[in-house]
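Structure first, commentary second.
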Amino acid sequence: MFVNQMKPFRQIKIRKFNDNSIKEIKDPIAVEQKLRIFVNGKEILSLYCTPIMIRELVVGFLMTEGIFNGVWCAEGMDIEYKEEEIRVNIAVEGELVLDKHTITSGCVGGITFEKNMEEIPVKKGPFISAIKLFELFERFQKASKLYHLTGCVHSAALADREGIVILTEDIGRHNAVDKVIGYCIIENIPLNDKLMLVSGRLSSEMVTKCSRWALPILVSRTAPTTKALEIAHARGITIIGFLRGRRFNIYSHPERILVS
């Protein structure tokens, strides 16, 4: 149940220095909100996020981490927006699997649960030209409206050769990816023939999230880590980094990128 949808930014009075003078203006600042997730009334974790696409964020996170072994309905998720926090309660029939978890290197503390989940190797996936990659990433960057407004969020998008399927934004880069995945789960959109475009660095948990849904190509304007590349090589994922202007680096499985 949606009680109230919050705005992702607030207008805050600041003093701006420019050309040797100071004036007071209103500046859009990204909202950082605490999200508490409850299962059958029991709190299982909390994190900080941008307060939009909460249902997609929770679905993407919980399904990717494999926290439930049982039946649950995303439509029946109860979402309550309070001034100080957002509370989500989910009714679940079955086993709740909460092993030890790791706070990752991501901004705003990404969380990943350590499980031996079966990973689906990516065997195929789309072929895409360098020219089309440039076009898609330019669209992606132009469509990141909250970033252009505040300069304070990460973006993630699912794309195919025709264009952007869904774009999300959040103060946490992991959250942005989880929102994309959650949206696709809810809308029954396959990921195994798409590209994931992201604004932030590609660390191991980012690649793992894509690997768990057999997503074949991951593209960023920044760089991957060594652990991310280990996972990408082993799972058959194409990693593209430093896509800026008319250049990029291919770090793994280059066979999907057409340069002629």
Checklist entry - If a residue has to be at positive phi and buried (at least 22 other Cβ atoms within 10 Å of the Cβ) to count, how many in the range 236-260 make the cut? => result 0
Checklist outcome for this item: Sole miss for ASP178 among (1) without any contact (Cβ under 8 Å) to a residue 40 or more places away in the chain; (2) among the acidic types (Asp, Glu); (3) touching a helix residue (DSSP H, G or I) at 6+ places or on another chain (Cβ under 9 Å) is condition (1)
Checklist entry - Taking the stated definitions as given, is LEU191 in contact with a helix residue (DSSP H, G or I) (Cβ under 7 Å, 6 or more places away or on another chain), closer than 19 Å to LEU62 by Cβ, in contact (Cβ under 8 Å) with a residue 12 or more places away in the chain and part of a loop (DSSP other than H, G, I, E, B)? => result yes
Checklist entry - Out of all the residues in the range 157-181, which are within 13 Å of GLY60 (Cα to Cα) and modelled with pLDDT of 95 or more? => result THR168, ASN175, ALA176, VAL177, ASP178, LYS179, VAL180, ILE181
Next on the checklist: Can you find a residue that is surrounded by 15 or more Cβ atoms within 10 Å (Cβ to Cβ) and in contact with a Gly (Cβ under 9 Å, 6 or more places away or on another chain) anywhere in the range 225-235?
Outcome noted: no
Checklist outcome for this item: Restricting the range 26-42 to residues that are modelled with pLDDT under 95 and exposed (fewer than 12 other Cβ atoms within 10 Å of the Cβ), the one nearest to ILE79 (Cα to Cα) turns out to be GLY41
Checklist entry - Which one is surrounded by the fewest Cβ atoms within 10 Å (Cβ to Cβ), of the residues in the range 43-87 that are acidic (Asp, Glu) and in contact with a strand residue (DSSP E or B) (Cβ under 8 Å, 6 or more places away or on another chain)? => result GLU84
Item to check | Single unsatisfied condition, MET196 versus (1) touching a Cys at 6+ places or on another chain (Cβ under 6 Å); (2) assigned to a helix (DSSP H, G or I) | outcome: (2)
Checklist entry - When residues of the range 10-28 are filtered for being over 19 Å from GLY151 (Cβ atoms) and among the aliphatic types (A, V, I, L, M), how many remain? => result 1
Checklist entry - Has the range 202-216 got any residue that is in contact (Cβ under 8 Å) with a residue 12 or more places away in the chain, of a type outside the set (S, T, N, Q) and in contact with a Phe, Trp or Tyr (Cβ under 7 Å, 6 or more places away or on another chain)? => result no
Checklist entry - Looking at (1) surrounded by 19 or more Cβ atoms within 10 Å (Cβ to Cβ); (2) closer than 14 Å to ALA157 by Cα, which is the one condition that is false for VAL207? => result (2)
Checklist entry - When you scan the range 162-188, how many residues do you find that are surrounded by 15 or more Cβ atoms within 10 Å (Cβ to Cβ) and not in a helix (DSSP H, G or I)? => result 9
Next on the checklist: Within the range 143-153, does at least one residue satisfy the condition of being surrounded by 15 or more Cβ atoms within 10 Å (Cβ to Cβ), touching a Lys or Arg at 6+ places or on another chain (Cβ under 6 Å) and either under 25 Å from THR208 (Cα atoms) or aliphatic (A, V, I, L, M) (or both)?
Outcome noted: no
Checklist entry - Restricting the range 37-56 to residues that are of a type outside the set (A, V, I, L, M, F, W, C) and under 18 Å from the mean Cα position of the chain (by Cα), which is nearest to ASP170 (Cα to Cα)? => result THR50
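The values are calculated or read from the model by the stated rules, or taken from the named source; none is laboratory data. These figures come from a predicted structure and were not determined experimentally. No Cβ is skipped: glycine too gets one built from the backbone with ideal geometry, and neighbour counts run over all protein chains shown.
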